[in-house]
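**Q** Below are the structure tokens for one structure; questions will follow.
The values are calculated or read from the model by the stated rules, or taken from the named source; none is laboratory data. Given the structure is predicted, the values throughout are model-derived calculations rather than measurements. Note: ideal-geometry Cβ built from the backbone for every residue, glycine included; neighbour counts use all protein chains shown.
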Amino acid sequence: MPKKRYTAEDIIHKLRGVDVLPSQGSSVAQVCKQLGIVDKTYYRLRKNFGRMKVDQAKRLKELEAENARLKRAVAHIRSAFGHSERRICIALGISRNTVATSHSHETMKRP
């Protein structure tokens with residue numbers, strides 16, 4: 001059975017529905033079954049999106065996309081010109097924490 005992809009808005013609306021229905025006498029398991037999700041998925045989504053509003057979830061998605069774009073830009077410049085991550089970040093005016101990758105952490109470790 002293929003996985004279903006829900007948008008952040010759909011997830012937040014489903015979580016609000018699950019919050020309301022148990023107060024009417026239904027258990028979380030029954031409500032999740034009605035919504036077509038598993039209990040474990042509900043608790044994971046509640047942890048990630050629990051107190052968010054729709055506009056906050058959209059902003060989070062935009063920031064994640066921008067962060068991915070910056071990481072790709074740094075990787076491209078690094079491979080094309082051979083500059084260090086530190087110099088690239090200074091030139092772009094961004095924090096190194098924004099583009100920290102597993103590779104950059106490996107280079108900092110010394111045997």
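**Q** Take the conditions in contact (Cβ under 8 Å) with a residue 24 or more places away in the chain, surrounded by 14 or more Cβ atoms within 10 Å (Cβ to Cβ) and touching a helix residue (DSSP H, G or I) at 6+ places or on another chain (Cβ under 9 Å) and apply them to Ile77. Does it pass?
**A** When the stated conditions are applied, Ile77 does not pass them.
**Q** State which residue is farthest from Ser27 (Cα to Cα) when the search covers only the range 40-95 and only residues that are among the acidic types (Asp, Glu) and modelled with pLDDT of 85 or more.
**A** In this case the residue turns out to be Glu66.
**Q** Can I ask one more? Can you spot a residue in the range 51-71 that is loosely packed, with under 13 Cβ neighbours inside 10 Å and in a loop (DSSP other than H, G, I, E, B)?
**A** Among the residues of the range 51-71, at least one is loosely packed, with under 13 Cβ neighbours inside 10 Å and in a loop (DSSP other than H, G, I, E, B), which makes the answer yes.
**Q** Further question on the same structure: For Glu85, only one of the following conditions fails: (1) under 16 Å from the mean Cα position of the chain (by Cα); (2) surrounded by 15 or more Cβ atoms within 10 Å (Cβ to Cβ); (3) not small (Gly, Ala, Ser). What is its number?
**A** Failing condition for Glu85: (1).
**Q** Given Lys47, Lys14, Lys40, which one is in a helix (DSSP H, G or I) and either surrounded by 13 or more Cβ atoms within 10 Å (Cβ to Cβ) or assigned by TED's automatic domain parsing to the domain that holds Arg96 (or both)?
**A** Answer to the selection: Lys14.
**Q** Before we move on, is Ala29 in contact with an Asp or Glu (Cβ under 8 Å, 6 or more places away or on another chain), in a helix (DSSP H, G or I), hydrophobic (A, V, I, L, M, F, W, C) and farther than 30 Å from Gly93 by Cβ?
**A** Considered against the rule, which asks whether it is in contact with an Asp or Glu (Cβ under 8 Å, 6 or more places away or on another chain), in a helix (DSSP H, G or I), hydrophobic (A, V, I, L, M, F, W, C) and farther than 30 Å from Gly93 by Cβ, Ala29 comes out as yes.
**Q** Give the number of residues within the range 80-94 that are without any contact (Cβ under 8 Å) to a residue 12 or more places away in the chain and outside any helix (DSSP H, G or I).
**A** 4
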